[in-house]
1. Suppose the filter is outside the structural domain of A:R138 (by TED's automatic domain parsing), touching a residue at least 40 places away in the same chain (Cβ under 8 Å) and on the phi < 0 side of the Ramachandran plot; does A:R74 pass it?
2. Just for strands (runs of 3 or more DSSP E) wholly inside the stretch A:2-104: which have at least 3 residues that are under 17 Å from the mean Cα position of the chain (by Cα)?
3. Only one of B:E99, B:E121, B:E87 is more than 15 Å from DNA strand D (Cβ to nearest atom), within 8 Å of chain A (Cβ to nearest Cβ) and surrounded by fewer than 21 Cβ atoms within 10 Å (Cβ to Cβ); which?
4. Among the residues of the stretch A:78-128 satisfying the criterion of being of a type in the set (G, A, S) and without any contact (Cβ under 8 Å) to a residue 12 or more places away in the chain, which is farthest from B:W92 (Cα to Cα)?
5. Yes or no: B:T27 in contact with a strand residue (DSSP E or B) (Cβ under 6 Å, 6 or more places away or on another chain), more than 14 Å from every other protein chain (Cβ to nearest Cβ) and within 11 Å of DNA strand C (Cβ to nearest atom)?
6. Listed residues B:L55, B:L89; which is in contact with a strand residue (DSSP E or B) (Cβ under 9 Å, 6 or more places away or on another chain) and under 15 Å from B:R34 (Cβ atoms)?
7. Scan (1) more than 18 Å from B:R178 (Cα to Cα); (2) surrounded by fewer than 20 Cβ atoms within 10 Å (Cβ to Cβ); (3) not β-branched (V, I, T) for the single condition A:Y129 breaks and write down its number.
8. Given the criterion within 16 Å of DNA strand D (Cβ to nearest atom) and within 14 Å of chain B (Cβ to nearest Cβ), identify the matching residue among A:Y10, A:Y52.
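The values are calculated or read from the model by the stated rules, or taken from the named source; none is laboratory data. The structure presented is a predicted model; accordingly, all values stated were derived computationally and were not measured. Cβ placement follows ideal geometry from the backbone for every residue including glycine, while neighbour counts extend to all protein chains displayed.
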Number of protein chains: 2
Amino acid sequence: MAPSLSTTSYALLSLLVIDGGTDEGLTGYELKQRADRTLRFYWVSPAMSHIYTELDRLSSHAFVRADEDTTGKRTTKHFAITPAGREALQSWLHTSEHEFPVLKHPIALRLMLGSMMGADEVRAMLDSYEEALVARRRELEAVREMLGDRDAVAYPARVADWGLAFFDSEASTIDRIRDSL
Amino acid sequence: MAPSLSTTSYALLSLLVIDGGTDEGLTGYELKQRADRTLRFYWVSPAMSHIYTELDRLSSHAFVRADEDTTGKRTTKHFAITPAGREALQSWLHTSEHEFPVLKHPIALRLMLGSMMGADEVRAMLDSYEEALVARRRELEAVREMLGDRDAVAYPARVADWGLAFFDSEASTIDRIRDSL
DNA sequence: CCCGGCTATTCCTAACTGGAACAGTATGCT
DNA sequence: AGCATACTGTTCCAGTTAGGAATAGCCGGG
């Protein structure tokens with residue numbers, strides 16, 4: 001029955017619910033910006049090309065409606081979620097198969113070969129990861145602050161807190177490993 | 001100069017250093033088993049077909065040597081890292097940009113839409129994630145125990161500890177979110 | 001008016017997944 | 001010994017996901 005879409009498809013659909021629910025939908029470009037701002041913290045930031053192919057797919061299932069805007073010389077498309085799309089999202093939320101998170105951690109991968117690097121280089125690597133982590137945390141903090149404690153966005157706020165906790169856990173792991181060298 | 005390989009290529013190369021360093025190399029099949037046991041905790045567990053294509057690629061760069069075993073009726077190939085391969089791995093460790101970790105978190109993604117699910121269903125989802133987390137943690141604990149506190153595997157042990165810390169952080173986040181519902 | 005940066009989309013290629021198909025090997029049972 | 005079964009090992013194919021570059025209109029300031 002329900003066509004099996006990829007998780008990223010549903011992620012985009014959920015962006016259309018959260019960010020594009022009120023007005024007349026978002027362009028692929030805008031969707032990319034929303035994804036870069038929030039989705040990337042707990043999923044991926046899909047490539048532009050990927051977003052457009054997913055939108056085509058969603059469109060073919062009538063889960064999104066594509067409104068062409070031909071006012072200028074260029075026709076741009078605004079995508080909005082349809083009732084069928086909301087239904088599909090609902091039934092996906094209810095399915096009990098919850099996949100386990102996947103962590104692709106290049107730093108841990110390199111740390112595995114620490115003996116080929118030497119303690120100094122390992123320390124330098126951890127330092128630069130810590131810096132990147134601080135920067136990334138600040139970006140997420142900004143998102144978190146924008147959410148505030150409004151009831152309407154209580155769940156997104158919880159997800160943001162989750163991300164912050166992850167960053168903090170990473171930071172303290174870095175400290176512990178550095179001390180162990 | 002250095003042909004740019006994917007991170008997964010280097011990950012497989014590092015498995016050949018760690019697991020296949022002493023004897024005469026590993027088969028693609030064995031490599032898959034090693035990957036399933038350790039690599040998946042901080043990177044991915046590549047599909048068999050992917051492993052073989054990467055081995056072909058590594059072979060074409062002479063970073064691995066393919067020894068054909070024709071003793072039985074079937075010829076199997078054992079792959080061992082070459083000095084050139086070690087060099088490539090070294091220079092990857094030293095030179096390349098350290099990408100930021102990517103976390104693909106289906107549970108967080110669904111939690112985002114918690115208001116479409118209702119508190120009970122959210123709780124159920126968190127419960128089942130917690131269970132999966134406990135199981136996964138146990139598997140990693142087993143790996144960690146096998147490593148012990150031998151100096152030779154001090155770095156892999158640190159990576160395993162990192163993974164355990166991540167699981168613990170996830171568990172406590174689940175608790176906190178459940179309390180907030 | 002033209003230059004640079006933003007908006008918007010498309011195309012091409014590479015990375016990666018999953019499944020099926022095929023075949024040899026080791027084991028344990030009757 | 002014969003046989004079933006599970007494990008080992010490899011290849012092929014079809015599809016999905018991802019990244020980069022190319023293209024082009026839009027929009028403000030000097």
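1. Working: outside the structural domain of A:R138 (by TED's automatic domain parsing): yes; touching a residue at least 40 places away in the same chain (Cβ under 8 Å): no; on the phi < 0 side of the Ramachandran plot: yes.
No, not satisfied.
2. Numbers: elements: A:64-69, A:76-81, A:102-104.
Because the criterion is at least 3 residues that are under 17 Å from the mean Cα position of the chain (by Cα), the strands (runs of 3 or more DSSP E) in the stretch A:2-104 that meet it are A:102-104.
3. Working: B:E99 fails: more than 15 Å from DNA strand D (Cβ to nearest atom); B:E87 fails: within 8 Å of chain A (Cβ to nearest Cβ).
Going through B:E99, B:E121, B:E87 in turn, just one is more than 15 Å from DNA strand D (Cβ to nearest atom), within 8 Å of chain A (Cβ to nearest Cβ) and surrounded by fewer than 21 Cβ atoms within 10 Å (Cβ to Cβ): B:E121.
4. First, the residues of the stretch A:78-128 that are of a type in the set (G, A, S): A:80, A:84-85, A:88, A:91, A:96, A:108, A:114-115, A:118-119, A:124, A:128.
From what is left, the residues that are without any contact (Cβ under 8 Å) to a residue 12 or more places away in the chain are A:96, A:108, A:114-115, A:118, A:124, A:128.
Numbers: A:S96: 41, A:A108: 14, A:G114: 13, A:S115: 14, A:G118: 14, A:A124: 15, A:S128: 16 Å.
Per the stated criteria, the residue is A:S96.
5. Numbers: in contact with a strand residue (DSSP E or B) (Cβ under 6 Å, 6 or more places away or on another chain): yes; more than 14 Å from every other protein chain (Cβ to nearest Cβ): yes; within 11 Å of DNA strand C (Cβ to nearest atom): no.
No: the conditions fail for B:T27.
6. Working: B:L89 fails: under 15 Å from B:R34 (Cβ atoms).
Result: B:L55 is the single residue among B:L55, B:L89 that is in contact with a strand residue (DSSP E or B) (Cβ under 9 Å, 6 or more places away or on another chain) and under 15 Å from B:R34 (Cβ atoms).
7. (2) is the only condition that A:Y129 fails.
8. Numbers: A:Y52 fails: within 14 Å of chain B (Cβ to nearest Cβ).
After applying the criteria, what remains is A:Y10.
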